[in-house]
Each structure stands twice: as structure tokens, then as C-alpha cells.
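The values are calculated or read from the model by the stated rules, or taken from the named source; none is laboratory data. Computed from a predicted model, the values in this text were never measured in an experiment. Methodologically, a virtual Cβ is constructed for each residue, glycine included, from the backbone with ideal geometry; neighbour enumeration extends over all protein chains shown.
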Amino acid sequence: MNRLTTLFIGFFATFLTAWLGLVIIPYFQFGQLEPQVDPDTGDQYPAFRTGLAERGKQVYQANGCIYCHTQQIRPADLEEGHNRGWGARRTVPRDYLFDRPPQLGTMRTGPDLTNVGVRLNDAAWHHEHLYAPQSKSPWSTMSPFRHLYRVVKIQGEPSPKALKLAGDFAPPEGYEVVPTPEAEALVAYLLSLNRNYALPEAPLE
Amino acid sequence: MSNAATSKPVSAPLPDIHDAADRAAVDASCRLPVLSFFASAVFWLIVGTVFALLASIKMHNPQFAVEIPASLAHWLNQFYPLVPANTVETLNGALTFGRVRPAHLNTVAYGWASTAALGVGIWLMARLCRVQLRYPRFVTAAAVIWNIGVFVGTAAILLGESTGVEWLEFPAYATFILFIAYALISIWAVDMFVHRRPGHVYVSQWYIMAALFWFPWLYATANILIHHESVQGSVSAIVNWWYGHNALGLWFTPMGLAAAYYFIPKVIGRPVHSYYLSAFGFWSLALFYSWNGGHHLIGGPLPAWVITASIVASVMMVIPVVVTAINHHMTMKGNFHVLEYSPTLRFVVFGAMSYTLASLQGTTMAIRSLNTVTHFTDYTIGHSHLGLYAFFTMIMFGSMYYIVPRLVGCEWRSAVLIKIHFWSCAYGIIFMVLILTVGGLVQGLMMRDAAIGFDKIVENMVVYKYFRSVSGVLLTVGHVVFAFHFSLMLLRLGRTEGGPTLFRPLETT
């Protein structure tokens with residue numbers, strides 16, 4: 001194996017098999033999926049995300065939520081996600097149709113968020129939790145995302161968007177904590193996370 | 001082939017340059033580019049270590065460094081409008097866990113590991129092709145471009161421009177800069193190979209040539225499909241992990257093995273045990289490793305065949321790993337006492353042994369029944385540190401201990417500093433992997449029991465995260481000592497008299 005050409009044919013051939021197998025065939029086999037449309041109501045699953053929620057997905061990506069939270073439920077024989085209330089069924093390729101790129105995650109330092117919009121359907125809760133996670137879950141080791149909020153002096157009437165924080169987490173007297181547009185987009189994205197619908201290939205259990 | 005094979009020696013000797021002046025000329029030709037790569041590698045190692053410590057501490061102490069100190073914020077605000085109004089918020093954002101964590105991965109993977117690998121690779125190719133490096137400034141320029149790419153990409157992550165794709169967080173504009181630099185180096189390596197002196201092509205050369213060929217293909221495919229074409233979610237996921245695993249398997253691993261295959265025989269002065277095992281190990285690695293990526297998505301939203309193919313390939317990886325381990329062990333056999341003297345050999349053998357361990361562990365992790373426990377836990381983080389640190393990084397340290405004195409013309413200042421470096425890194429990484437492995441198993445077993453609340457799991461993990469930070473401090477000590485020692489070498493403050501710096505004086509036998 002002393003000739004450049006011989007070597008390169010070998011390098012090329014070995015790598016080509018995996019490139020075809022794990023990239024090209026998947027691309028053609030499940031790279032052009034269509035959403036499921038309910039013939040009676042016309043609803044489509046998964047639902048297309050609104051502009052604000054899609055913007056929120058970018059905030060989710062930029063702030064590295066993926067390093068602690070997954071967005072995938074494995075089959076019931078592989079994990080307890082179903083029993084922890086994280087999802088009613090395993091997730092399948094069509095669930096991620098509009099996720100470009102998906103935020104599947106590889107680590108569960110925190111709980112799975114596949115269906116967090118169903119489980120915790122309250123924008124105010126999410127804002128307070130993002131600003132001060134320990135105010136909602138004292139046991140949490142989640143980083144506070146205070147840079148997505150502004151502590152501002154109350155000018156006249158308090159803002160309707162101001163977070164209702166108590167005790168140690170509250171801002172100083174005369175100040176309030178308001179979300180930035182990024183925080184509002186992020187919460188819209190979290191509330192949009194719902195994969196608890198039936199698909200022919202993945203019925204609700 | 002059969003004729004050539006029968007005339008070939010069963011053991012593979014190193015094709016080295018026997019004339020000292022000739023060898024010095026070859027070394028001198030790569031001095032500037034290789035030292036540029038090494039100096040930037042050491043710089044990014046320190047930067048990556050700082051990010052690692054920050055991220056690690058934040059995992060058990062989330063209130064740590066959430067915001068820049070109030071006095072600094074106050075001071076900065078005085079300069080408004082010279083300093084933009086939202087500067088403090090931007091800096092606070094850059095400190096968040098979700099940004100320093102990818103900043104750590106990318107600075108150590110692309111800043112430290114890749115840069116060190118390129119430096120070692122260039123030097124090895126020059127030595128093994130037995131030719132002087134042509135146009136060294138061309139390669140030095142590639143080093144500068146590479147650094148700009150890593151800097152731009154890391155800054156982008158810290159400023160909130162991350163793509164949110166693990167191992168590919170750098171946005172397209174940074175990726176493009178890296179790709180240009182890489183292409184320059186690949187082209188140059190082929191040029192070197194074409195102009196090599198006639199004779200035997202050594203196993204390290206296959207590994208380096210292959211890695212330099214595979215990585216751009218890998219990197220381009222992943223970036224184009226995920227960032228440019230924005231393929232659908234599940235395809236994006238498999239491409240992501242095909243890339244992520246191959247970055248380790250077909251880029252870092254071949255470069256690490258190339259160095260191990262060179263330095264072990266070189267230091268002990270014996271040929272590699274078997275030419276055939278080398279070849280068998282290489283081609284089986286090329287065939288199986290490239291298929292491994294899907295095991296990161298076991299149970300994930302993908303057709304079963306993709307996952308199963310990757311599990312099969314992961315099990316097949318036992319072949320190249322065991323073959324390489326046997327080959328290295330048989331080469332070392334009867335020479336283990338050299339570990340007492342040679343810093344290079346000690347680092348490289350530590351790395352080679354860790355390679356066997358990390359790879360076999362990886363195979364077991366791809367088995368579904370174990371994966372149900374270890375997936376989504378710190379066990380995986382332990383495994384990746386066993387691979388990228390205990391194997392790859394240790395081999396790079398060992399290689400640099402050998403190469404740098406030959407480029408700067410003086411010997412390492414102090415055996416004590418090398419000893420501190422070795423032991424703090426060796427104990428640090430062993431401790432870290434153990435903590436993460438045990439912690440990951442506990443975490444995984446608790447998660448498999450739905451009766452245990454998630455809050456209990458999080459609380460239970462804090463102590464492991466804490467001790468992981470302690471192990472990180474040990475690694476930091478080693479890195480700072482090494483960076484200091486390396487700086488002395490760059491400043492030509494090494495020893496100019498006597499032989500190579502050994503752990504203890506060589507006993508004449």
C-alpha cells in the first residue's frame with residue numbers, strides 16, 4: 001500500500017459506504033416527510049410554529065438549553081419518560097418535521113421538554129422560572145437566565161409584563177423585572193412544545 | 001501485492017532519516033508552522049480550560065458568575081456612549097452556562113485538539129516522507145486563518161449566535177474560515193506525500209493522509225446539510241451525530257494513533273510489532289468507525305435500521321481496537337521500564353491504553369440494555385473525556401514533549417515540571433472519568449425508576465458535579481504548568497547542554 005492512488009481509493013471507498021448509509025439514504029428515505037392532516041378539522045400535526053415561537057427556538061439554541069434538556073421521548077422499554085409525565089408516546093421523525101435543526105439533546109441534567117408546553121402551560125411561570133429557577137424549584141441547579149430580563153425603575157404604572165417575584169428573588173423597592181423580546185419569544189417557543197398528538201405510526205398510548 | 005508483501009518485513013520499521021544534518025534540515029523546514037500550531041494549541045487549551053471550569057462550577061453552583069462584578073459594570077457604564085448601552089447585558093449573556101459549555105467544547109476540540117493534531121501531523125509527515133516542508137509560510141498562513149476561525153466562532157457562541165447543533169455550534173461564517181485553512185493543509189499534505197523519498201510508507205502516514213482526506217468531506221457534508229440546506233429534523237439529527245462521532249473517530253483518533261504508532265517504536269528503538277496488524281487495524285477502523293454515529297440516537301426519532309446499523313458497527317469496533325492494542329503492547333513488551341525515563345513515552349502509552357479502554361467502553365455503551373441506563377447521563381460525558389482527553393490529549397502532550405526541543409534547539413527546562421504535568425493530568429482525568437462514570441450510573445438508574453422524583457435526582461447529582469470540578473482543578477494545574485514550560489521553550493529558555501530531559505537519569509545498561 002505504497003501508492004497514493006491505491007491508498008486514496010481505499011480511503012474513499014470505506015468512507016463512502018458510511019456517507020451513503022448514514023447521510024444520503026436517510027436524506028432520501030425520511031428527509032421529505034409531510035405533516036399529518038386531520039381530514040375532518042383540517043388541523044395539521046405537527047403544527048407549524050408561529051413567527052414568535054420560531055424566533056424563540058433561536059433563543060433556545062443561542063442559550064444552549066440543549067446541553068441540559070432533551071426533546072425526545074424514547075420507547076417505553078428504554079426509558080420512563082411516559083411514567084414521568086413527559087410524554088404520552090415515543091417521538092418519531094415526523095414530530096421534528098419543522099425543527100431545522102432539531103433540539104433532541106443528549107443530556108438530562110434537567111427534565112425533558114418535548115411537551116413542556118402542555119405540562120406547564122403558563123407564560124408567567126416560565127418567565128419567573130427563567131429569571132430565577134430556584135424561586136420555582138428550590139432544588140434546581142439550573143442557571144438563571146437574568147440576561148434575558150431587565151431590572152428597570154418603575155415609571156408611573158408598573159408594567160403589566162413585570163414578573164411577580166417574591167422574597168430574595170424580588171428586585172429592589174421601586175424597581176421591576178420585565179422580559180426582553182428574546183425572553184418573550186423563548187417562552188412562546190416553550191409553550192408551543194406539544195407533541196402529544198396521535199400519528200398513524202405513533203398512536204397515543 | 002503478494003510479491004511486495006512477502007518481501008516486506010513482518011515488523012514495520014520506522015522510515016527515518018539517518019543523516020543528522022539532513023534530519024535537522026527537515027525539522028528546520030517545519031519549525032515556523034509547527035510551532036505556530038503548537039503555540040495556538042496551548043493558548044486555546046488554557047482558554048478551553050477556563051470555560052470548562054466556569055461551566056463545571058455552574059453545574060453545582062448555578063449562582064456562580066451569573067453577572068459580571070457590579071463594580072466592573074458600573075465602570076463600563078461610565079463610558080457610555082463610547083461603550084454601547086447594552087454592553088453589560090451582553091457580557092452577562094456570554095457568561096451563561098448554555099454558552100460557556102459549547103465555548104468549552106469548541107475551543108478544546110477546534111482550538112486545542114485539532115490545532116495540536118495539525119502541528120503533530122505536519123511534523124510527522126515531514127519526518128516520514130523524509131522531505132523538507134515546501135513553502136512553510138503557506139502552512140503558517142493556514143495556522144493563522146485557522147485561529148481566526150476558532151476565534152470568530154467562539155466569540156459568536158458567547159454573543160448568542162450559536163447554531164444549537166452539538167459539535168457544530170460555530171455559525172457558517174466561522175466554519176467557512178476553518179474550512180479554508182483545513183483545505184490548505186490537506187492540499188499541502190498530499191503535495192508532501194507526492195514528493196516523498198522512495199521507500200516504505202509507514203502506518204502513521206496512512207492515518208494522517210486518511211484523516212486529512214476524511215475530515216473536510218465530513219465537515220462540509222455536515223455543515224451544508226444542517227446549516228445551509230436545513231434538512232428536516234431527523235435527518236439533521238443523524239447527520240449531526242454521524243459528524244460528531246466521526247470528528248472523534250475519523251479525525252482525532254487517526255491523528256492520535258498516527259502519533260502513537262510513531263513515538264512508541266521511536267522512543268524504545270524497536271520496529272512496530274506487526275505490519276499486518278497495523279494494516280488490518282487501519283482498514284477495519286476506516287470501515288467500521290464511520291458507521292458509528294447512530295448510536296448517539298438509540299431510541300431516538302429515527303428508523304430502526306439506522307440505529308441498528310450503528311450498533312453493529314460499534315460492536316465491530318472491537319476488532320480494530322483490539323488489533324491496535326495488541327500491536328502496541330507487543331511493541332512495548334520488554335520495554336516497559338523505558339516509561340520510567342521518557343516523558344514522551346509515558347504520555348503516549350497512557351494515551352494508547354486509554355484508547356483501548358475508551359473504545360471498548362464505547363462499544364458497551366452502544367448495547368441497548370446498557371444504553372437505557374447510561375444515555376442522557378454524565379456517563380457519556382465521562383466517556384467523551386476518556387476519549388478526547390485521556391487518549392487524545394495525553395498523546396498530543398507526549399508528542400509535543402518530543403517535537404518541541406527539536407524545533408527550538410534546546411531541551412525542556414525541568415523534569416519536575418513535566419512530572420507535575422503528567423501526574424496532575426493523569427490523576428485528574430482518572431478521577432474525573434471515575435466520578436462521571438459512577439455519577440452517571442447513579443443518575444441513569446434513578447431515572448429508570450419513575451417512583452424517584454426528578455428533584456431527588458438533581459439533588460443527588462450535586463456532589464458528583466462538585467467533585468468533577470475538583471478533578472478539573474487538577475487538570476488546570478497540569479495545563480498551567482505545561483503552558484509555562486512551553487513558553488520557556490518558545491523563548492529559548494530551555495537547557496542548552498546535556499541530553500533530553502528525562503524523568504530520571506538513564507542508567508547505563
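A few remarks follow.
- In summary, A:LEU78 fulfils each of the numbered conditions (1) of a type in the set (A, V, I, L, M, F, W, C); (2) under 29 Å from B:LEU441 (Cβ atoms); (3) crowded, with 22+ Cβ neighbours inside 10 Å with the single exception of condition (3).
- Tally of residues being more than 7 Å from chain B (Cβ to nearest Cβ) and either in contact (Cβ under 8 Å) with a residue 40 or more places away in the chain or of a type in the set (A, V, I, L, M, F, W, C) (or both) across region A:61-104: 13
- Scan of region B:444-475 for residues that are at the interface with another protein chain (Cβ under 8 Å from one of its Cβ atoms) and either within 20 Å of B:ALA390 (Cα to Cα) or not in a helix (DSSP H, G or I) (or both), ordered by number: B:ARG448, B:ASP449, B:ALA450, B:LYS465
Residue-wise test of (1) closer than 18 Å to B:SER230 by Cβ; (2) of a type in the set (Val, Ile, Thr).
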| residue | (1), (2) |
| --- | --- |
| B:ASN147 | no, no |
| B:GLU161 | yes, no |
| B:GLY164 | yes, no |
| B:PHE170 | yes, no |
| B:ILE185 | no, yes |
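- Counting only helices (runs of 4 or more DSSP H) that sit wholly inside region B:159-248, those with at least 3 residues that are over 24 Å from the mean Cα position of the chain (by Cα), touching a residue at least 12 places away in the same chain (Cβ under 8 Å) and at the interface with chain A (Cβ under 10 Å from one of its Cβ atoms) are B:233-246.
- Checking each residue in region B:250-279 for being within 13 Å of chain A (Cβ to nearest Cβ) and modelled with pLDDT of 95 or more picks out B:LEU250, B:TRP251, B:PRO254.
- Residues that are under 22 Å from the mean Cα position of the chain (by Cα), part of a loop (DSSP other than H, G, I, E, B) and either surrounded by 14 or more Cβ atoms within 10 Å (Cβ to Cβ) or more than 11 Å from every other protein chain (Cβ to nearest Cβ) (or both), drawn from region A:13-42: A:GLY31, A:LEU33, A:PRO35
- Of residues in region B:282-308 being more than 29 Å from B:TYR261 (Cβ to Cβ) and facing chain A (nearest Cβ under 7 Å), the one surrounded by the fewest Cβ atoms within 10 Å (Cβ to Cβ): B:PRO303
- Candidates B:GLY498, B:GLY428 - the one that is crowded, with 19+ Cβ neighbours inside 10 Å and not in a strand (DSSP E or B): B:GLY428
- Filtered by the rule that a residue be among the acidic types (Asp, Glu) and within 23 Å of A:THR70 (Cα to Cα), region B:298-347 gives no residues.
- Residue list for region A:39-80, restricted to those being among the polar types (S, T, N, Q) and in contact with an Asp or Glu (Cβ under 6 Å, 6 or more places away or on another chain): A:THR70
- Taken over region A:173-197, the criterion of being surrounded by fewer than 15 Cβ atoms within 10 Å (Cβ to Cβ), part of a loop (DSSP other than H, G, I, E, B) and out of contact with any strand residue (DSSP E or B) (no Cβ under 8 Å at 6 or more places or on another chain) is satisfied by A:GLU173 alone.
- Yes/no for B:PRO136 being surrounded by 24 or more Cβ atoms within 10 Å (Cβ to Cβ), of a type outside the set (A, V, I, L, M, F, W, C) and in contact (Cβ under 8 Å) with a residue 60 or more places away in the chain: no
- Checking the stated criteria, A:PRO111 turns out not to satisfy the condition of being facing chain B (nearest Cβ under 8 Å), touching a residue at least 24 places away in the same chain (Cβ under 8 Å), in contact with a helix residue (DSSP H, G or I) (Cβ under 6 Å, 6 or more places away or on another chain) and under 25 Å from A:PHE30 (Cα atoms).
- Subset of region A:132-154 (residues that are facing chain B (nearest Cβ under 7 Å), buried (at least 19 other Cβ atoms within 10 Å of the Cβ), of a type outside the set (Val, Ile, Thr) and part of a loop (DSSP other than H, G, I, E, B)): A:SER140, A:MET142, A:SER143, A:PRO144, A:PHE145
- Residue in region A:123-130 that is among the aromatic types (Phe, Trp, Tyr), surrounded by 17 or more Cβ atoms within 10 Å (Cβ to Cβ) and more than 9 Å from chain B (Cβ to nearest Cβ) present: no
- Filter result (facing another protein chain (nearest Cβ under 7 Å), part of a helix (DSSP H, G or I) and more than 17 Å from B:THR49 (Cβ to Cβ)) within region B:91-115: B:ASN92, B:GLY93, B:GLY98
- The residues listed here are B:ILE46, B:ILE17; of these, the one that is in a helix (DSSP H, G or I) and not basic (Lys, Arg) is B:ILE46.
- Scanning region B:334-376 for residues that are more than 14 Å from chain A (Cβ to nearest Cβ), buried (at least 18 other Cβ atoms within 10 Å of the Cβ) and among the β-branched types (Val, Ile, Thr) returns B:VAL338, B:THR344, B:VAL348, B:VAL349, B:THR363.
- Checking each residue in region A:48-64 for being touching a helix residue (DSSP H, G or I) at 6+ places or on another chain (Cβ under 8 Å) and in a loop (DSSP other than H, G, I, E, B) picks out A:ARG49, A:THR50, A:ASN63, A:GLY64.
- A Cβ distance below 6 Å, combined with a sequence gap of six or more or placement on separate chains, defines the contacts here; from region B:276-304, residues that are on the phi > 0 side of the Ramachandran plot and touching a residue at least 24 places away in the same chain (Cβ under 8 Å) reach residues that are of a type outside the set (S, T, N, Q) and surrounded by 21 or more Cβ atoms within 10 Å (Cβ to Cβ) in the pairs B:GLY299/A:ARG74.
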